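Asks: First the structure, which I've put down as structure tokens, then a few questions once you've had a look.
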Amino acid sequence: MNLVSNVAPRARTGLLAALGLGLSGTAALAQDAAPAINSGDTAWMLTSTLLVLFMILPGLALFYGGLVRAKNVLSVLMQCTMITAAVIVVWVVWGYSFAFGGGESPYWGGLGKAFLRGVAPDSVSGSIPEYVFIAFQMTFACITPALIVGGFAERVKFGAVVLFVVLWVTFVYFPIAHMAWDPNGLFFGWGTMDFAGGTVVHINAGIAALVGALIIGKRAGYGRDNMAPHSLPLTLVGAGILWVGWFGFNAGSALSAGGSAALAMINTFTATAGAVIAWSLVEKAVRGKASMLGGASGIVAGLVAVTPAAGFVGPVGAIVLGAIASAVAYWFVASVKLKLGYDDSLDVFGVHGIAGIIGAIGTGIFASSSLGGVGYAEGVSMGGQVWTQIVAVLVTIVWCGVGSAILYKVVDLTVGLRPTPEAEVTGLDVTSHGEVAYHS
């Protein structure tokens, strides 16, 4: 989550010194110069951190809440709320250390910063206080598992969701975050380009959602009952909040208030616009009408696609990347999913997984200076960079797919994943929380 995390190793030292960026409290300036906190960078990162939280609550919660049936809307809102709270605690106790604890392993950061040991108000990460970096990264750790619940919405017990998330961030998310964004991480060492979380957030969440949908099975009445979204206005409100919050997600990943953040900001506009237009045009051609649900889905597909690319591609390249990812995501949701017959309730894999894969690999193409991007590290060709992107995507898929399958089984064997058939048919709002969203 850092411009320099994606530069070939031989080029990183000079770029760190030039940009004044760093991770986990490591000085990013010359070795004998004391790192200084930049108030402008700090203000931007404080704002970005709050924007990412805004994406989850209320953004993602409303987006998902509108997509489920009325009898399950509160269950989705509560799942997003509790996931956020639980992951914040886990992040402080061991998550930050597992991801950025200073360990030399390519797979995890160790226990050096468990319970935030050694972090003080004057600790510095690049040009910002380390506490700000910790909080910013914490919001990413919160939103990723919240995305997953869309894959099995309306059919998993509340306690099972919380237990799964605690296990999943520990054994899946934190290692992938370390691999991608820590200087000792596996993907970092390869020079993988992942500006704001194509592998860490979207492919991770998409694969975990798909595995969950397959293991847990279809919703009661799937293919027979009406399972249309109960409130598309709520969904569009949520999608709009996600778009606003995503500027903190993408532009904040520059970890400074400068040119890199500016590039990420404009790309978050342009890629999303291209994606909305592409989804609507394809839907119009296939179905005869462009739907509002399609427009909201296009927003998310474009945001997902540009996440890994935000600081590396040009604004025009971002439009093309967003449009391609959106069109393919539409085809996957409207055709492939139906043919395969699995029940990914809110199309987490179809949008986040597919658009995330296209965005991650496409970053290696559109980062080319000939296509308006920032270019590659010295000695790296487009083909070489694309191959690096593909390998990182494959490792993420395998790590997340196998790890998630094991964890779903562990949760099912301990507390059980699904509610009783009667509880599921009645609705999780009443049976899990004793509430209803709407009173007639």
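No value in this document is a laboratory result; all are computed from the given coordinates. Source: prediction; values computed, not measured. A quick note on method: Cβ atoms are made from the backbone with ideal geometry, for glycine too, and the neighbour counts reach across all protein chains shown.
Asks: What do you get for the angle between helix 39-54 and the principal long axis of the chain? Use alpha-carbon atoms, 0 to 90 degrees, nearest ten.
Replies: 10 degrees
Asks: State to the nearest 20 debye the size of the charge dipole of the chain about its Cα centre, where the only charges are +1 on K and R beta carbons and -1 on D and E beta carbons.
Replies: 840 debye
Asks: How would segment 35-429 be classified by its alpha-carbon gyration tensor: rounded, prolate or oblate, with rounded meaning a/c under 1.5 and the a/b versus b/c comparison settling the rest?
Replies: Oblate is the answer for segment 35-429, as a/c is 1.5 or above yet b/c matches or exceeds a/b.
Asks: Here's something else I'd like to know. Once both axes come from the Cα atoms, what is the angle between helix 315-331 and the longest principal axis of the chain, in degrees from 0 to 90, rounded to 10?
Replies: Compared with the principal axis, the helix lies near 30 degrees.
Asks: Further question: Keeping to pairs on different chains or 8 or more places apart, tell me how many lysine pairs in segment 35-429 have Cα atoms under 30 Å apart.
Replies: Lysine pairs meeting both conditions in segment 35-429 amount to 21.
Asks: Now a separate question. Specify the angular offset, from 0 to 90 degrees and rounded to the nearest 10, of the alpha carbon long axis of helix 259-287 from the longest principal axis of the alpha carbons in the chain.
Replies: With rounding to tens, the tilt is 30 degrees.
Asks: Follow-up question, since we're still on this one. By counting other Cβ atoms within 10 Å of each Cβ, how are Arg224, Arg69 ranked from fewest to most?
Replies: Sorted ascending by nearby Cβ count, the order is Arg224, Arg69.
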